[in-house]
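Q: What follows is a structure written as structure tokens; I'll ask about it next.
The values are calculated or read from the model by the stated rules, or taken from the named source; none is laboratory data. Computed from a prediction, not measured in an experiment: that's the story for all the values here. Cβ coordinates were reconstructed from backbone atoms using ideal geometry, including for glycine residues, and neighbour counts include every protein chain displayed. Side chains are part of the model used for accessible areas, which takes the heavy atoms of the whole protein and leaves out ligands, DNA and RNA. Shrake-Rupley method; radii C 1.70, N 1.55, O 1.52, S 1.80 Å.
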Amino acid sequence: MESILFNTYIKNDILYQLDESEIEIDFGRLSIYEVIRIDDFTPLFLNEHYKRFCNSSKYSDILIPSKKEFQKQIEKIISHCQQKSGNVKIISQNNINNNNYNCYYFFIPHYFPKDKDFTQGVETIFFDIERKNPQSKAVDINYKKELGIALNKSKAYEAMIVNKEAYITEGSKSNLFFIKGHIVYTSPIEYVLPGITREKIEQICAENKIPLIHKLFSKEDVLKSDAAFISGTSPKVLPIAKIENKTFDVRHPIIQKISTAYDRYITQDIESHKKQ
């Protein structure tokens, strides 16, 4: 059973309170999901998240609600729980006995980096594992369990996934960016989950004429970088201070420029949502 904050979830437009009489959500069954950050009672980049949900649906043949219903239920759980900030998880799974589906919406525990994490950076590790289908945001319990053990043991913030060809593809719950000189590098899209924050960072690089190259990095390439950062729903744009025993420049001007621009995107998205 996954942790559900406030013991409250929505299933197909019906609000449930979890107690001993409730049937638990079947997290072990094939599912696709999204996690949306809530800021000032607003689901950030909702259109982009729904587009990725559609992409996961296409790759997995799991049905999902309409965009209108998707937004309605997210706003409903925010309103009911009266949560100004946090992460809402949306899970969709096909019914076994018919051509319908169940879609769940609920708040999950989250860890948003503290101010010192943005100024001092975070530690990461390398970890040999591979996501079965990186293009689909599908629930994989074994993948999650193995990574959880490695991160708990190392006390690192994030694990860099090393695939069977010995290339670094993405983080366990984030996308990765490396900086060498004045150039930003990140994995080709076919090797990673297409992150919403990653997409915004690519836009920022284009708008600010920051060279960005899609390239697979080996461990040796990574350790020769000047700076590195992770991106994602919770971490936003977060500098990496250390990978294994190698330290990096957490105050690199390119990271600072991208981070400032991304925060501006968030402010604009909140303002746009409130005008609707």
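Q: Are there any strands (runs of 3 or more DSSP E) wholly within segment 183-255 with 2 or more residues that are open to solvent by 10 Å² or more (accessible area, probe 1.4 Å) and over 25 Å from residue 268 (Cα atoms), and if so which?
A: The qualifying strands (runs of 3 or more DSSP E) are 183-186, 212-214, 236-243.
Q: How about segment 71-165: which strands (runs of 3 or more DSSP E) wholly inside it have at least 3 residues that are at pLDDT 90 or above, of a type in the set (Phe, Trp, Tyr) and surrounded by 20 or more Cβ atoms within 10 Å (Cβ to Cβ)?
A: Because the criterion is at least 3 residues that are at pLDDT 90 or above, of a type in the set (Phe, Trp, Tyr) and surrounded by 20 or more Cβ atoms within 10 Å (Cβ to Cβ), the strands (runs of 3 or more DSSP E) in segment 71-165 that meet it are 101-108.
Q: Filter segment 55-83 down to residues that are out of contact with any Ser or Thr (no Cβ under 7 Å at 6 or more places or on another chain) and closer than 22 Å to residue 18 by Cα, then give me how many there are.
A: The total comes to 11.
Q: Taking the stated definitions as given, is residue 31 open to solvent by less than 20 Å² (accessible area, probe 1.4 Å), of a type in the set (Ser, Thr, Tyr) and over 15 Å from residue 194 (Cβ atoms)?
A: On the way: open to solvent by less than 20 Å² (accessible area, probe 1.4 Å): yes; of a type in the set (Ser, Thr, Tyr): yes; over 15 Å from residue 194 (Cβ atoms): yes.
Judged against the criteria, residue 31 is a match.
Q: Quick one: in segment 1-24, of everything that is assigned to a loop (DSSP other than H, G, I, E, B) and open to solvent by 90 Å² or more (accessible area, probe 1.4 Å), which residue is modelled with the highest pLDDT?
A: Here the residue is 24.
Q: Next up: Of all the residues that make up segment 166-185, how many are basic (Lys, Arg) and within 21 Å of the chain's Cα centre (by Cα)?
A: Total satisfying the criteria: 1.
Q: While we're here: Do you know which residues across segment 58-70 are in a helix (DSSP H, G or I) and buried (at least 17 other Cβ atoms within 10 Å of the Cβ)?
A: Within segment 58-70, 60, 70 meet the criteria.
Rundown of residues vs (1) within 18 Å of residue 239 (Cα to Cα); (2) polar (S, T, N, Q), yes/no style:
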{"position": "179", "(1), (2)": "yes, no"}
{"position": "185", "(1), (2)": "yes, no"}
{"position": "193", "(1), (2)": "no, no"}
{"position": "203", "(1), (2)": "no, yes"}
{"position": "206", "(1), (2)": "no, no"}
{"position": "214", "(1), (2)": "no, no"}
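Q: Which numbered condition in (1) touching a residue at least 40 places away in the same chain (Cβ under 8 Å); (2) part of a helix (DSSP H, G or I) is the only one that residue 50 fails?
A: (1)
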